[in-house]
Amino acid sequence: ARALRDGRWIELAARDLVPNDVVRISIGCIVPADCIANGTLRIDTSSLTGESLPKTVFAGGSIFSGTVCLAGDCVAVVTATGLKTILGKQAK
């Protein structure tokens, strides 16, 4: 994941993210944690819902761990990680 730490963008393993981290989500990224987006994205949610059509997420909307960004670019605030994510709850 690309995260903002100490005013710099760095690469982190998704397991090292914590709530309130700021991450960059762009085309082709697998969303590393449940987040709130600050821009518009097209997200493939089929890994969670089985839905074959992408979902448009607007600023303030939720994006979920394990989904894939198909279009757009924004920063997002992490709200949940690990087993506390939607994907983690499904696995549990």
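The values are calculated or read from the model by the stated rules, or taken from the named source; none is laboratory data. Owing to the predicted nature of the structure, the values given are computational and were not obtained by experimental measurement. Note: ideal-geometry Cβ built from the backbone for every residue, glycine included; neighbour counts use all protein chains shown. Accessible surface is based on the protein model in full, side chains and every heavy atom, while ligands, DNA and RNA are left aside. Shrake-Rupley method; radii C 1.70, N 1.55, O 1.52, S 1.80 Å.
For the chain, the relative contact order is 34 percent, taking Cα pairs closer than 8 Å that sit 6 or more residues apart in sequence and dividing their mean separation by the residue count.
Its DSSP H runs of at least 4 residues, each contributing -39,500 (n - 2.57), put the calculated 222 nm mean residue ellipticity of the chain at -2000 deg cm²/dmol, to the nearest 500.
Each other residue within a Cβ distance under 12 Å of residue 88 adds +1 if Lys or Arg and -1 if Asp or Glu, for a net charge of +3. FRET efficiency for the pair residue 15 and residue 47, taken as 1/(1 + (r/R0)^6) with r the Cβ-Cβ distance and R0 = 22 Å, rounds to 0.75. Surface composition of the chain: carbon plus sulfur atoms contribute 56% of the solvent-accessible area (1.4 Å probe, protein chains only, all chains present).
Rolling a 1.4 angstrom probe over the protein heavy atoms with all chains in place gives the chain an accessible area of 57 Å² per residue.
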